[in-house]
Amino acid sequence: MPSPFADPIWRAEEARVVARVRAGDRLAGEQLYRAYAGPLLRLVLRPRLGDPAAAEDALAETFIAAFRALDGFEDRGAGLWPWLARIAVHKAMDVHRARARAARGCERLEAQAPPPPPETPAEALEALDEAELQAARVRAALSGLHARYREALELRFLQGLGREECARRLAVKLGTFDVLLLRAVRAFARAWEPEE
């Protein structure tokens with residue numbers, strides 16, 4: 001990926017700023033963020049993720065990871081840009097993997113949908129008893145979950161709201177909701193102990 005920061009003057013300044021960040025200078029960290037956030041969003045994250053909110057989340061994760069690992073960064077002549085771009089690519093891949101896991105979890109949960117309506121009164125009573133038993137088991141599994149997980153599952157699956165509406169009601173970005181829902185599905189699966 002070509003560097004938008006190949007100018008030798010910038011490269012010298014970048015080296016000074018990186019040294020200041022390593023020394024704990026927060027203003028230098030903000031300077032690096034201002035220099036690289038826009039290009040990382042525009043050239044790396046938005047093209048890979050499409051969703052602006054997911055790209056913003058991945059950008060935050062990119063900088064968290066970069067600042068944690070900055071002491072290990074070695075400039076091999078190309079500057080900070082390729083290193084940051086590589087971290088951003090990995091964060092975008094993490095978002096795709098989380099989305100895929102959340103989708104699989106949703107499919108498994110949706111597979112628990114009730115069967116078609118019964119045809120005879122006896123089947124209706126039997127189905128009602130089974131539905132009440134299942135509902136009690138679902139309530140019991142949900143009651144043991146963290147409140148945020150329970151709310152995400154209830155909004156998405158019990159109320160049937162779309163992902164965007166769930167994210168809005170929980171006051172989070174869509175990408176954050178997807179990760180929250182994945183964790184909630186996993187917690188529910190651990191709490192759910194099917195009868196043998």
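Read-outs throughout are calculated quantities, based only on the coordinates presented, and are distinct from any laboratory measurement. Everything numeric here is computed off the predicted structure, so don't read it as measured data. Positions of Cβ are backbone-derived with ideal geometry, glycine not excepted, and every protein chain shown enters the neighbour counts.
The string of couplings for segment 180-186 from the Karplus curve (6.51, -1.76, 1.60, θ = phi - 60°) is 4, 5, 4, 5, 5, 4, 5 Hz, one whole number per residue in order, with x for Gly and Pro. Put in line by how crowded their Cβ is, counting other Cβ atoms within 10 Å and starting with the fewest, 154, 164, 14 read 164, 154, 14. Extension gain, residue 69 to residue 146, is 24.6 nm, computed as 0.36 nm per intervening residue step minus the present C-alpha separation. Neighbours of residue 31 by Cβ distance under 13 Å: Lys/Arg scored +1, Asp/Glu scored -1, total 0.
Normalising by the residue count of segment 138-189, find the relative contact order in percent from Cα pairs under 8 Å and 6+ residues apart.
Values: 37 pairs, mean separation 22.0, N = 52.
Once divided by the residue count of segment 138-189, the mean separation gives 42 percent.
The spacing between segment 45-102 and segment 148-196, judged by their C-alpha centroids, is 25 Å. If you plug each phi of segment 72-77 into the Karplus form 6.51 cos²θ - 1.76 cosθ + 1.60 with θ = phi - 60°, what whole-Hz ³J(HN,Hα) values come out, in order, with x for Gly and Pro? Computed from phi, the couplings for segment 72-77 are x, 5, 10, 6, 9, x Hz.
Of the GluC sites (Glu not before Pro) found in segment 19-112, those in coil by DSSP whose Cβ has at most 16 other Cβ atoms within 10 Å are 74.
Counting other Cβ atoms within 10 Å of each Cβ, which trypsin sites (Lys or Arg not before Pro) in segment 1-100 have at most 16 and sit in a DSSP loop?
Numbers: sites: 11, 16, 20, 22, 26, 34, 42, 48, 68, 76, 86, 91, 97, 99; in loops: 76.
Answer in residue order: 76.
Residues whose amide H falls under 5 Å from that of residue 173, counting only those 5 or more places apart or on a different chain, are absent, with hydrogens built in the peptide plane.
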